[in-house]
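The values are calculated or read from the model by the stated rules, or taken from the named source; none is laboratory data. None of the values given here were measured: they were computed from a predicted structure. Using ideal geometry, Cβ is built from the backbone for each residue, glycine included, and neighbour counts are taken over all protein chains shown. Calculation scope for accessible area: heavy atoms of the full protein, side chains included, ligands and nucleic acids excluded. Shrake-Rupley method; radii C 1.70, N 1.55, O 1.52, S 1.80 Å.
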Amino acid sequence: MKDLFSGNVETKIAVCPGMWLLPGWIDAVTLEQIHADINTLSEVAPFRHMQTPGGHSMSVAMTNCGSAGWVTDRSGYRYTTADPLTGSAWPDIPARWQSLATHAAKVAGYADYVSDACLVNRYAPGASMGSHQDKNEQDYTQPIVSVSLGLPARFFVQGPERKGKSIPVDISSGDVIVWGGESRLWFHGVRPLKEGADPLFGAYRYNLTFRVAL
Ligand code: MD6
Ligand code: FE
């Protein structure tokens, strides 16, 4: 039987302890559906450039779905149950997204993964994400499932401290990363996006990160 969502089911690469890269894991039809889902989501919860606590505007545009969404503004990084832009609850995580995250987590050894927060990042050429840890979630034993869409990017993983040599990870549309275990709190980021044209996602890279936040 064809594996649900699966383009490539052969490869599972250990990038560092606890981090699994599933290259090309999402099939072409699912990518098209996700593209449509992102458009629907962004009509209700628009992409916006959030402010960092230091007062800078992020180069990456963001929105969320789920019972909680990750936000940043002058008062800090946190999860909220309502979208600060509209005052309404964040839209639900589309059923197919939830199912995809659960399935990918299972491939990496996590049974019964149920995400309550999905951050959607949108990168235009030049946009990047500085080295950071994902530590606003309550339970670090739960992995983050990350889905890359559209233009390729260079992700980097640094280690427990924001210094020293980093491991480069080149990621393309349809790649999935499941990240838990020993390196769950390691510093990481995304290098500035290069220009390009993806047949489906155009001049952008999108990234979905599923979390168990609450
Ligand atoms: C991105 N991803 O790929 C940013 N964080 O656009 C992340 O910051 C990230 O991919 C934690 C776990 C997986 C990730
Ligand atoms: Fe992150």
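Remarks
- Scattering profile of the chain at q = 0.09, 0.13, 0.14, 0.17 Å⁻¹ [log10 I(q)/I(0), Debye over alpha-carbon scatterers]: -0.31, -0.69, -0.81, -1.30
- Here is the list for segment 1-98: GluC sites (Glu not before Pro) lying in DSSP coil, each with at most 15 other C-beta atoms within 10 angstrom of its C-beta, are Glu10.
- Model label zone, Arg154; criterion: amide N under 11 Å from point 7 Å along Cα-to-beta-carbon; scope segment 183-214: 191-194
- Segment 133-184 and segment 44-88: distance between their alpha carbon centers, rounded to Å: 20 Å
- Annotation note: trypsin sites (Lys or Arg not before Pro) in segment 165-196 located in DSSP loop regions with a Cβ neighbour count of at most 14 within 10 Å are Lys165, Lys194.
- Paramagnetic reach from Leu214 (point 7 Å along Cα→Cβ, amide N under 13 Å) across segment 128-150: 138
- Residue-normalised convex hull volume from the C-alpha trace of segment 148-214: 104 Å³ per residue.
- Surrounding net charge for Pro125, when Lys and Arg each add one and Asp and Glu each subtract one, Cβ distance under 14 Å: +3
- Prolate/oblate/rounded call for segment 34-125, Cα gyration tensor, a/c under 1.5 rounded: prolate
- Neighbourhood net charge (14 Å Cβ-Cβ; Lys/Arg +1, Asp/Glu -1) for Ser166: +3
- For Met50, the amide hydrogen comes within under 5 Å of the amide hydrogens of Met58, Met62, counting only partners 5 or more places away or on other chains and with H modelled in the peptide plane.
- Per residue solvent-accessible surface (Å²) - segment 15-169, probe of 1.4 Å: 45 Å²
- Highest average first, the peptides 152-158, 85-91 ordered by how many other beta carbon atoms sit within 10 Å of their residues are 152-158, 85-91.
- Volume in Å³ per residue [convex hull over Cα atoms, computed for segment 1-86]: 157 Å³
- Entry for segment 76-160 at q = 0.11, 0.14, 0.17, 0.21 Å⁻¹: log10 I(q)/I(0) = -0.39, -0.66, -1.00, -1.42, Debye formula applied to identical alpha-carbon scatterers, no solvent contribution.
- Share of carbon and sulfur in the accessible heavy-atom surface of segment 28-155 [1.4 Å probe, %]: 52 percent
- Sparse packing (at most 12 other Cβ atoms within 10 Å of the Cβ) combined with a DSSP loop state is found for the following trypsin sites (Lys or Arg not before Pro) in segment 1-67: Lys2.
- Selected from Asp83, Asp116, Asp73 as most flexible by GNM, with the chain as the system and alpha-carbon contacts under 10 Å: Asp73
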